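Working notes for the structure below.
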Amino acid sequence: MKRIPYLFFIAFLLLTGCRDRYDLPLRDNDISLLVVEGALVVGGPTGITLSRNAKLTDAVKFKPELNAQVSVEDRTGGRFPLQQMGNGLYVHAQLPMVAGQEYRLHIRTTNNKEYLSDYVTAKQTPEIDSVSWKFEREGVEIYANTHDATNNSLYYKWDYDETWEIRSYFPASYRWTGGTTIVYAGLYNYICWKYDRSKTILLGSTAHLQSDVVSEAPLTFIPPGAERLGVRYSILVRQQA
């Protein structure tokens, strides 16, 4: 009986605890730093996104870096410029990179500042062996499986696109086309498709393993009763090494 007031006092402290506002201390030169996102892809399209960082309190969170000169360089003096597509995106349909050779990224912004990455060795990404799934936690967990027979990849990154079919509970037999015109819409106008893409960074490593084999790297979990599994579902997975 003597312990009850002590336990009650602890519970009271937990229930009455509060959170204080924390303002991250930032220097003036910590704002408007250049942010570089993307990867150089061997044998496929390359996309690099340039932007400037912003304060958490700023109304505009994404500030694209426009009109920069972006190129990929090799050690022999070769230079391959990327084309600006807008909104901070710079692309090349297929860089003439060779696996095993070294390349770097070269950026010159409109304020005449230059940025050079370190030279890195280009790697050929191995193919995905399979995309599998299991019933987990009353839902469906989707996995990626891959391997590199040369044991050179070691580090992997995945992203994906999802597409699934949905069906309206109340199909409409007619469709409004503007003005006073209404036309017959057919029998199958209740079928629609939805699309989404990965929103998290999905990474995997085999550096601590004897073989460069990735088995069941989790990609996404679909909870029970989710709309995505109501009719038909498809996932397109991309892999980079």
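Summary of values
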{"quantity": "Elements of type strands (runs of 3 or more DSSP E) in the range 75-175, at least 2 residues being closer than 23 Å to residue 50 by Cβ", "calculated": "79-81, 83-86, 89-92, 102-108, 114-116, 155-167"}
{"quantity": "Failed condition for residue 66, given (1) surrounded by 12 or more Cβ atoms within 10 Å (Cβ to Cβ); (2) part of a strand (DSSP E or B)", "calculated": "(2)"}
{"quantity": "Meets criteria (in contact with a strand residue (DSSP E or B) (Cβ under 9 Å, 6 or more places away or on another chain), in contact (Cβ under 8 Å) with a residue 12 or more places away in the chain and not hydrophobic (A, V, I, L, M, F, W, C)) for residue 55", "calculated": "no"}
{"quantity": "In the range 45-75, the residues that are among the charged types (D, E, K, R), under 17 Å from residue 116 (Cα atoms) and more than 22 Å from the chain's Cα centre (by Cα)", "calculated": "73, 74, 75"}
{"quantity": "Residue tally, condition modelled with pLDDT of 95 or more and touching an Asp or Glu at 6+ places or on another chain (Cβ under 8 Å), over the range 112-133", "calculated": "3"}
{"quantity": "Top-ranked residue in the range 126-182 [being over 20 Å from the mean Cα position of the chain (by Cα) and acidic (Asp, Glu); ranked as farthest from residue 205 (Cα to Cα)]", "calculated": "165"}
{"quantity": "Yes/no for residue 50 being surrounded by 14 or more Cβ atoms within 10 Å (Cβ to Cβ), touching a residue at least 24 places away in the same chain (Cβ under 8 Å) and part of a strand (DSSP E or B)", "calculated": "yes"}
{"quantity": "Test result for residue 190, surrounded by 13 or more Cβ atoms within 10 Å (Cβ to Cβ), in contact with a Leu (Cβ under 7 Å, 6 or more places away or on another chain), in the same structural domain as residue 227 (by TED's automatic domain parsing) and not acidic (Asp, Glu)", "calculated": "no"}
{"quantity": "Residue match in the range 92-101 (condition: within 21 Å of residue 37 (Cα to Cα), without any contact (Cβ under 8 Å) to a residue 40 or more places away in the chain and touching a strand residue (DSSP E or B) at 6+ places or on another chain (Cβ under 8 Å))", "calculated": "yes"}
{"quantity": "Residues within the range 41-92 that are more than 20 Å from residue 110 (Cα to Cα) and among the charged types (D, E, K, R), tallied", "calculated": "5"}
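So that you can scan it fast, the table gives a plain yes or no per residue for (1) surrounded by 16 or more Cβ atoms within 10 Å (Cβ to Cβ); (2) closer than 29 Å to residue 222 by Cβ:
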residue: 103; (1), (2): yes, no
residue: 108; (1), (2): no, no
residue: 116; (1), (2): no, no
residue: 119; (1), (2): no, no
residue: 125; (1), (2): yes, yes
residue: 132; (1), (2): no, yes
residue: 135; (1), (2): no, yes
residue: 144; (1), (2): yes, yes
residue: 147; (1), (2): yes, yes
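Each row is one residue, and each column tells you yes or no for (1) touching a residue at least 24 places away in the same chain (Cβ under 8 Å); (2) touching a Cys at 6+ places or on another chain (Cβ under 7 Å); (3) of a type outside the set (Ser, Thr, Tyr).
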| position | (1), (2), (3) |
| --- | --- |
| 136 | yes, no, yes |
| 145 | yes, no, yes |
| 153 | yes, no, no |
| 159 | yes, no, yes |
| 182 | no, no, yes |
| 185 | no, no, yes |
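The values are calculated or read from the model by the stated rules, or taken from the named source; none is laboratory data. It should be emphasised that the depicted structure is a prediction, and the values quoted were computed from it without experimental measurement. Cβ: placed from backbone, ideal geometry, glycine included. Neighbour counts: every protein chain shown.
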